[in-house]
Amino acid sequence: MAAVTQRPEGLIIDGVVVESSDRTTTAVVNPSTGDVLATVAKGTAADIDAAVAAAHRAMESKAWGGIAPAERGRILQRMAQKLRDRVDELARLESEDNGKPLSQARTDVNVAARYFEFYGGVADKIMGHTIPLSPGFLDYTVREPIGISAQIVPWNYPIQISARGIAPALAAGCAVVVKPSSEAPMTALRLGALALECGLPPGVLNVVPGSGAEAGAALASHRDINQLTFTGSVEVGIAVAKMAADNVVPVVMELGGKSPNVVFADADMEVTVKMVANAIFQNAGQTCSAGSRLLIERKAHAQFVEQLAAHATKMRVGPGIDDPDMGPIISRRQLETIEQYVEIGKQEGAEVAAGGSRPAHLSASRGFYFQPTLLDRVKPDMRVAQEEIFGPVLAIIDFDDLEEAAAIANRSQYGLLAGVWTRDINKALALASRIKAGQVYVNTYGAGGGVELPFGGYKKSGYGREKGLEALNSYTQVKNVCIRYA
Ligand code: NAD
């Protein structure tokens, strides 16, 4: 396995790289090979405490929140440039850490850069209002930084999701403590180190990987945090929200999904097949917004599924660093979960139209591979249509008309994204208004990272919004000042 240069292995607390308080470490595994990629300090509750204390001092010193917003913006822009300058090295590290294809990892690094660029541009445009009251009164609002933002990050898009939360929080003048997933912490640690090189004052951005049960829980339940952004599963999200509630800390919840792509018979089939495949197989299906349900108009079913199966079967699966069409699953445990879901689907009456097992050509590898898989003849209430599998498995469901499509699309505890594929603008608009999801795409899906577009869930997919200008609401609080001058 090729070595990655300058691997950060310590925690980043108060501007310095440190060992964990009890000197324990975690071995981070490269899912493409099963080999140990690096050994990383395992943050403890005491380390979280130290990081929150450093963030507190940084807020008190006004070294960040108290400087000109334009200067904050310039430092964030520098960060964007630094990420772009280091794209090759960071993409390689992300690919080895998470397993994703190298070109996807490059995209992720560029999207991370775009977050710093976008919010760098916004830092000096976070404005309040004046509110007309009565003669003799001046009333205005100011949007102040909310304080210390605690951010708990999953393993599936480590650099993108870290940047998605860090950049708007920093733009607003907050200090941040990030707890990356212990399965893929490498690029979040790099972000912390690079931010210091860009002139971010010590303590403003602290990065403490560690277990969810210890470091994650210590952060979520910490009395001195002022805000929490959690990205992960519904189950952990509920636990974390309860911890934050004990301290009346507001939470942004970015949770799971079972997003539908609704394909009508009049859609451009060639384009739609490719996009529907990409929506589920990107990142081996380990994407919160994966298009994991295909709702296909019954009269187009045979033709569409045949083309989709041909596409899926041709996809190259292999080590991320070789830049295949699809890389491995993050861990053996997750691979086994996916296999179990395929079995459950078959027992429920689904038919495997492509894939369905580990790829034969990788049987000698110690990596965690699964084939791009289509489960056909799925009924809307089957478990494989309802539960988030978090793997390259697409559940295919028929519908006859728009009414039925809308009902099936909404028959889910989740509501993160939806895609609608049709040449008929009336059908597109009708579904866009009826589908209960935070983002609806028509004849496209996702949008190159979608940095500018508000993103978040309906129902159990979460609450609060990240991305775009909306995200700033989570990292600022509004103060109203009312003056009687006559
Ligand atoms: P997870 O919920 O297992 O873990 C997420 C994070 O929470 C990790 O950093 C983990 O260490 C931490 N954690 C675990 N237990 C904790 C506890 N008791 N207290 C505090 N923190 C704890 O999720 P995962 O497996 O890392 O990621 C996959 C899930 O994330 C999927 O459900 C996916 O849909 C979701 N996700 C959502 C979004 C979004 O933006 N909506 C994006 C990516 C992933």
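The values are calculated or read from the model by the stated rules, or taken from the named source; none is laboratory data. None of these values were measured; they are calculated from a predicted model. Note: ideal-geometry Cβ built from the backbone for every residue, glycine included; neighbour counts use all protein chains shown. Calculation scope for accessible area: heavy atoms of the full protein, side chains included, ligands and nucleic acids excluded. Shrake-Rupley method; radii C 1.70, N 1.55, O 1.52, S 1.80 Å.
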Cβ-based net charge around Glu343, under 12 Å, with every Lys or Arg adding one and every Asp or Glu removing one
-1
Over 21 Å, how big is the tail of the calculated P(r) for the range 196-323, in percent of all Cα pairs?
60
Please get the size of the charge dipole for the range 249-366, origin at its Cα centre, with Cβ charges of +1 on Lys and Arg and -1 on Asp and Glu, quoted in debye to the nearest 20.
280
If amide H atoms are built 1.01 Å from N in the plane of the peptide, which residues on other chains or at least 5 residues away come under 5 Å of the amide H of Thr229?
Ala150, Gln151, Ile152, Val252
Where Rh is the Kirkwood radius over the Cα pairs of the range 335-457, the temperature 10 °C and the viscosity 1.306 mPa s, what D in µm²/s does Stokes-Einstein return?
98
Please list, in order along the range 329-336, the HN-Hα scalar couplings obtained from phi with the Karplus expression 6.51 cos²θ - 1.76 cosθ + 1.60 (θ = phi - 60°), rounded to whole Hz, x for Gly and Pro.
7, 4, 8, 4, 4, 5, 4, 5
For the range 30-187, just say rounded, prolate or oblate: build the C-alpha gyration tensor, square-root its eigenvalues into a ≥ b ≥ c, call rounded for a/c under 1.5, and beyond that prolate if a/b exceeds b/c, oblate if not.
prolate
Search the structure for amide H atoms under 5 Å from the amide H of Ala38, placed 1.01 Å from N in the peptide plane, and list their residues when 5 or more places away or on another chain.
Val28
Before anything else, pin down the relative contact order of the chain: Cα pairs under 8 Å, at least 6 apart, normalised by residue count, whole percent.
18
List the lysines whose Cα lies under 22 Å from the Cα of Lys427, skipping any in the same chain that are fewer than 8 positions away.
Lys258, Lys274, Lys299, Lys436
Using θ = phi - 60° and Karplus 6.51 cos²θ - 1.76 cosθ + 1.60, couplings along the range 379-387 (whole Hz; Gly, Pro as x)
9, x, 9, 5, 4, 6, 9, 10, 9
FRET efficiency, 1/(1 + (r/R0)^6) with R0 51 Å, evaluated for Val18 and Thr130 via beta carbons
0.65
At 25 °C and a viscosity of 0.890 mPa s, what translational diffusion coefficient does Stokes-Einstein give for the chain, taking Rh as the Kirkwood radius over Cα pairs? Give it in µm²/s as a whole number.
106
Would you mind putting 31-38, 64-71, 163-170, 368-375 in packing order, based on average other-beta-carbon counts within 10 Å, highest first?
163-170, 368-375, 31-38, 64-71
Listed residues Cys482, Cys288 arranged by accessible area, highest first, probe 1.4 Å:
Cys482, Cys288
Global geometry of the range 130-263, whether rounded, prolate or oblate, following the gyration tensor of its Cα atoms and the 1.5 cut on a/c:
prolate
Computing the accessible area with a 1.4 Å probe over protein heavy atoms, can you report the carbon and sulfur percentage for the chain?
52
A correct Karplus calculation of ³J(HN,Hα) over the range 188-195, with 6.51 cos²θ - 1.76 cosθ + 1.60, θ = phi - 60°, whole Hz and x for Gly and Pro, returns 5, 5, 4, 4, x, 5, 5, 4
Quick query: amide H of Tyr441 versus all other amide H atoms, modeled in the peptide plane; which residues come in under 5 Å with a sequence gap of 5 or more or a different chain?
Ala418, Gly419, Val420
